[in-house]
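Undergrad: This is the structure, below, for whatever I ask next.
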Amino acid sequence: MISAHAPGKVILFGEHAVVYGRPALAVPVHQVNVTVRIYPIQGHVAGQILLQAPQIGYSDWLHSADSEHPLAKATYLTLQKISASAFDSIRMEISSTIPIASGLGSSAAVSIAIIRALSKHFAAPLAPEDQSRIAYEVEKLQHGSPSGVDNTVIAYEKPVFFTAGEEPKPFSIGAPFHLVIADTGISSATGEAVAKVRSNWQKEREYHEALFDQIGEIARLAQRAIRDGQIHVLGPLMNHNQVLLEALGVSSPELERLIDVCRKAGALGAKLSGGGLGGNIIALVEAHTSQEIVHALRTAGASLTILTKVGE
Ligand code: PMV
C-alpha cells in the first residue's frame, strides 16, 4: 500500500478580487488534510482503477465513472501526464479531515492528494507546478473561472502571494503569528458565491472594480507587513477586508456572528476566508488569548476550530 497527503488552506487576504486579477495571500493548513491510499487488487483484470471515497458514499470504477466527476478527472489527467498505460489494477481510497465546501480548499486538496498518490505509485514524480496545473483543470469543474489560488498554495505547501496568470511568489514571514480558524458549519459551494459576485459586478462594474482594487491593495500591504514582521498591522487589515467582502455580498449573519465573537474575546482582527456565504472565518490572535477565543467560538456554536501558527 502507498499513501499520499495534501493539506488544507486558508486565504488570508484577497478572495474574490483574485478572480479579477488582484493579488491574494494564502497559506497551507496542515491540521486538516486529505489522504489517498492505493492498494493493489489481486487477481483482477489489468489496467483498472476502483475509486472509493466512503465519506461521500462514492465508489466507482474509473472506466465507468462520469469522466467529469472531480475524482475521475484528477485520476485521468494524472495518468495521462505520467503516461501510465499497462498496469496491475488498483483500488484508490480517499479520506479527508477537511470540511467540504467551507473555504478550506477541500476540492483542490483531494485532487493534489490523488495526483501525488498516483505519481508515487507509478514512480513518476511530479513537480509542484505540474500538480498545481492538473488540479487547476479539476478546479474548473467547481466554477468556471477559478483564480488558481487553492491548487497553487496546496501544491507548493508554502505561503504564497498569488496573482492569476503569474508565477506564484512564496513569501517570507518576518515573525510567526497565530490564527484561529472557525467553521460556521454551513457548507457553501464556492461556485455560488463566485456567481453572485459576477452578477453584481455585471450590474455595477465601476463600483465592484473599486472594491477589488481596495482588496488587492490590502493584500499588498499585508504581504509587506508579514515580510517585515509587523503583525499588529494585520488585524485592522483583516477587519477592513471583511468590510469589503460584506460589500461584495459574500458574507452572512453566521459568519459575522463568529467574527463578532472572536473580536469581543480579544482577536486583533477577523474576516471570512474563501468563497464565503458560509464556511470559515479566520482571526488573528495573540498566544495568550488564543485558548479563550477558541473557547468563545465553540460556545457560540463553531462546528470546528483550528489554532495554527503561520511561519513556523
Ligand atoms: O472557497 P474556496 O476555498 O474555494 O476559495 C475560493 C476563493 C475565491 O477567490 C472565492 C475563488 C477563486 O477562484 O479564487
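The values are calculated or read from the model by the stated rules, or taken from the named source; none is laboratory data. From a predicted model like this one, the values you see are computed outputs, not experimental measurements. Every residue, glycine among them, receives a Cβ derived from its backbone with ideal geometry; neighbour counts consider all protein chains shown.
Undergrad: Which condition from (1) of a type in the set (Gly, Ala, Ser); (2) assigned to a loop (DSSP other than H, G, I, E, B); (3) in contact (Cβ under 8 Å) with a residue 60 or more places away in the chain is the one that Gly144 breaks?
TA: Checking Gly144 against (1) of a type in the set (Gly, Ala, Ser); (2) assigned to a loop (DSSP other than H, G, I, E, B); (3) in contact (Cβ under 8 Å) with a residue 60 or more places away in the chain, the one that fails is (3).
To keep it simple, each residue is scored yes or no on (1) within 16 Å of the ligand (Cβ to nearest atom); (2) buried (at least 17 other Cβ atoms within 10 Å of the Cβ).
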site: Ile11; (1), (2): yes, yes
site: Val19; (1), (2): yes, yes
site: Gly43; (1), (2): no, no
site: Ala46; (1), (2): no, no
site: Asp66; (1), (2): no, no
site: Glu93; (1), (2): no, yes
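Undergrad: Oh, and also: In this structure, does Lys158 turn out to be within 18 Å of the chain's Cα centre (by Cα), within 12 Å of the ligand (Cβ to nearest atom) and of a type in the set (Lys, Arg)? Let's see the steps before the verdict.
TA: On the way: within 18 Å of the chain's Cα centre (by Cα): yes; within 12 Å of the ligand (Cβ to nearest atom): no; of a type in the set (Lys, Arg): yes.
The answer is no for Lys158.
Undergrad: Kindly list the number of the only condition in (1) within 16 Å of the ligand (Cβ to nearest atom); (2) at pLDDT below 95; (3) of a type in the set (Val, Ile, Thr) that fails for Ile98.
TA: Unmet condition: (2).
Undergrad: Here are some conditions: (1) more than 28 Å from Glu286 (Cβ to Cβ); (2) in contact with a Pro (Cβ under 7 Å, 6 or more places away or on another chain); (3) away from the ligand (no atom under 16 Å from the Cβ). Glu139 meets all but one. Which one does it not meet?
TA: Here Glu139 clears every test but (3).
Undergrad: Taking region 179-201 only, how many residues are surrounded by fewer than 21 Cβ atoms within 10 Å (Cβ to Cβ) and over 15 Å from the mean Cα position of the chain (by Cα)?
TA: Summing the residues that are surrounded by fewer than 21 Cβ atoms within 10 Å (Cβ to Cβ) and over 15 Å from the mean Cα position of the chain (by Cα) in region 179-201 gives 9.
Undergrad: Moving on. Could you please let me know if Ser132 is crowded, with 23+ Cβ neighbours inside 10 Å, more than 30 Å from Gly47 (Cα to Cα), within 14 Å of the ligand (Cβ to nearest atom) and within 16 Å of the chain's Cα centre (by Cα)?
TA: Working: crowded, with 23+ Cβ neighbours inside 10 Å: yes; more than 30 Å from Gly47 (Cα to Cα): no; within 14 Å of the ligand (Cβ to nearest atom): yes; within 16 Å of the chain's Cα centre (by Cα): yes.
In short, no.
Undergrad: Between a residue in region 222-250 that is closer than 17 Å to Gly274 by Cβ and any residue that is crowded, with 17+ Cβ neighbours inside 10 Å and of a type in the set (Gly, Ala, Ser), which pairs come within a Cβ distance under 7 Å, given they are 6 or more apart or on different chains?
TA: Met238/Gly269; Met238/Ala270; Gln242/Ala270; Leu245/Ser251; Leu245/Gly276; Val250/Ala193; Val250/Gly275; Val250/Gly276
Every residue, every condition in (1) in a helix (DSSP H, G or I); (2) of a type in the set (D, E, K, R), yes or no:
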| site | (1), (2) |
| --- | --- |
| Ser59 | no, no |
| Leu71 | yes, no |
| Ser83 | no, no |
| Met92 | no, no |
| Leu126 | no, no |
| Asp130 | yes, yes |
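Undergrad: Is it the case, given these coordinates, that Ala164 is within 16 Å of the ligand (Cβ to nearest atom), in contact (Cβ under 8 Å) with a residue 24 or more places away in the chain and either out of contact with any helix residue (DSSP H, G or I) (no Cβ under 9 Å at 6 or more places or on another chain) or not in a loop (DSSP other than H, G, I, E, B) (or both)? Write out each step before concluding.
TA: Numbers: within 16 Å of the ligand (Cβ to nearest atom): yes; in contact (Cβ under 8 Å) with a residue 24 or more places away in the chain: yes; either out of contact with any helix residue (DSSP H, G or I) (no Cβ under 9 Å at 6 or more places or on another chain) or not in a loop (DSSP other than H, G, I, E, B) (or both): no.
Answer is no for this residue.
Undergrad: Scanning for something more than 30 Å from Asn241 (Cα to Cα), touching a helix residue (DSSP H, G or I) at 6+ places or on another chain (Cβ under 7 Å) and either of a type outside the set (Val, Ile, Thr) or assigned to a strand (DSSP E or B) (or both), does region 6-19 turn up at least one residue?
TA: Going through region 6-19, the residues more than 30 Å from Asn241 (Cα to Cα) turn out to be none.
No, region 6-19 has no match at all.
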